[in-house]
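Data first, discussion second: the structure below is written as structure tokens.
The values are calculated or read from the model by the stated rules, or taken from the named source; none is laboratory data. Because the structure is a prediction, the values reported are computed rather than measured. Reconstructed Cβ throughout: ideal geometry from the backbone, glycine too, with neighbour counts over all protein chains shown. Surface areas here come from the heavy atoms of the whole protein model, side chains and all, with no ligands, DNA or RNA. Shrake-Rupley method; radii C 1.70, N 1.55, O 1.52, S 1.80 Å.
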Amino acid sequence: MKFIDEYRDPKAAEGFARAIRRITTKPWTIMEVCGGQTHAIVRFGVDELLPAGVTLVHGPGCPVCVTPVELIEKAIEIAAIPNVIFCSFGDMLRVPGTSKDLLSVKAQGGDIRIVYSPLDALKIARETPDRQVVFFAVGFETTAPANAMAVYQAHRQGISNFSLLVSHVLVPPAMEAILSAPSNLVQGFLAAGHVCAVMGYSEYEPISRKYHVPIVVTGFEPLDILQGIFMTIRQLEEGRAEVENQYTRAVMRDGNRPAQKLIRDVFEVVPRKWRGVGEIPASGLGLKPEYATFDAEQRFGVAHRIVEESTECISGAVLRGGKKPHECPAFGVACTPEHPLGATMVSTEGACAAYYRYRRIKLKSTPERSGV
Ligand code: SF4
């Protein structure tokens, strides 16, 4: 298939692996930011092609995984209101709250609908003016333009029964939080190509300079990732710290300016809690005051709920690159995709789900690789 098969060619992958082995003289720890990259790495065994001293750690770039339990509880509370139609991407329905998930609210009669776009939810609002329609607006910069567009259109068309439960997060502040932690071991980043397709990559340049860390904008297929790792290690070995772009077929330095303008028009930067990590200043998007009437937290009076995270799940350490999923005592025992304890076991982009799906049998039968 065009644009897929050529990026999964085993011979080319071996060529990149040889090139990486040739230039690597020291151990390096590199974080892939995005959960989509984590899945490709684990699924295709990209990490197993690398020299023993090169460690890939998995980053916080799975939007489902980083949505705090507090937001899940708010979603559950709103979805249980009789007049509400609660719309969400499918992954969110099985993310555990403190005692239940959205799927169990649906089983108890809540009108919860899986949609593929916030514009689908807006259409439902337009067609059912006697009901309140709420869209669970989860995601990084990639999903922000569509969510901004839904609010913008609702505003223009006077659709007053539509609102967003917003849980938008931003990548650069999370990278800074990781780099500035005293325990940080990350020496280079593979930045998420799709986020950069929207935002460009100039905002990573000050981070690269400040922390002297290479950042390579990278795609999602095995050869993309291998080339991104090669470019990162080449910088590390040469003592350089720059932003480079591996994903040139999709990303330009300035990104998608109309999409950025739409985000800026509707959203403002706010502090945001990350599941398992805590609050990171200026790390999220919230609706601007002029669009506050579309804020579901305000509309349903749930804005000030505070909920503590479970201590059983160590997904915070997994999302910061401090632990590998199989180092969690609950992995594959108390926590499975059928009975997840944390969001990283639920999401299709979650690191725990990737290890469970592609590595569980192997991890049981071979000695564990050491973590970071
Ligand atoms: S295996 Fe389960 S409990 Fe452990 S970190 Fe992953 S999601 Fe959390």
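Residue selection: residue 133 satisfies the criterion of being modelled with pLDDT of 95 or more, part of a strand (DSSP E or B) and open to solvent by less than 60 Å² (accessible area, probe 1.4 Å).
This table checks each residue for (1) of a type outside the set (D, E, K, R); (2) part of a helix (DSSP H, G or I).
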site: 11; (1), (2): no, yes
site: 17; (1), (2): yes, yes
site: 22; (1), (2): no, yes
site: 32; (1), (2): no, no
site: 51; (1), (2): yes, no
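What are the residues in the stretch 13-31 that are open to solvent by 60 Å² or more (accessible area, probe 1.4 Å) and closer than 22 Å to residue 186 by Cβ, if any? 21, 25, 26, 27 - these are the residues of the stretch 13-31 that are open to solvent by 60 Å² or more (accessible area, probe 1.4 Å) and closer than 22 Å to residue 186 by Cβ. Pairing residues of the stretch 265-279 that are in contact (Cβ under 8 Å) with a residue 24 or more places away in the chain with residues that are of a type in the set (Ser, Thr, Tyr) and open to solvent by 60 Å² or more (accessible area, probe 1.4 Å), at Cβ distances under 8 Å and at least 6 apart in sequence or on separate chains, gives 265/152; 266/152. Among the residues of the stretch 141-187, those identified as out of contact with any Asp or Glu (no Cβ under 9 Å at 6 or more places or on another chain), open to solvent by 10 Å² or more (accessible area, probe 1.4 Å) and not in a helix (DSSP H, G or I) are 142, 143, 158, 159, 160, 181, 182, 183, 184, 185, 186, 187. Consider the stretch 229-248 and keep the residues that are open to solvent by 40 Å² or more (accessible area, probe 1.4 Å) and touching a residue at least 40 places away in the same chain (Cβ under 8 Å). The one that is farthest from the chain's Cα centre (by Cα) is 237. With respect to the conditions (1) open to solvent by 10 Å² or more (accessible area, probe 1.4 Å); (2) not in a helix (DSSP H, G or I), residue 203 lacks only one, and its number is (2). Those helices (runs of 4 or more DSSP H) of the stretch 266-372 that lie entirely within it include none in which at least 3 residues are surrounded by 23 or more Cβ atoms within 10 Å (Cβ to Cβ), within 12 Å of the ligand (Cβ to nearest atom) and at pLDDT below 85.
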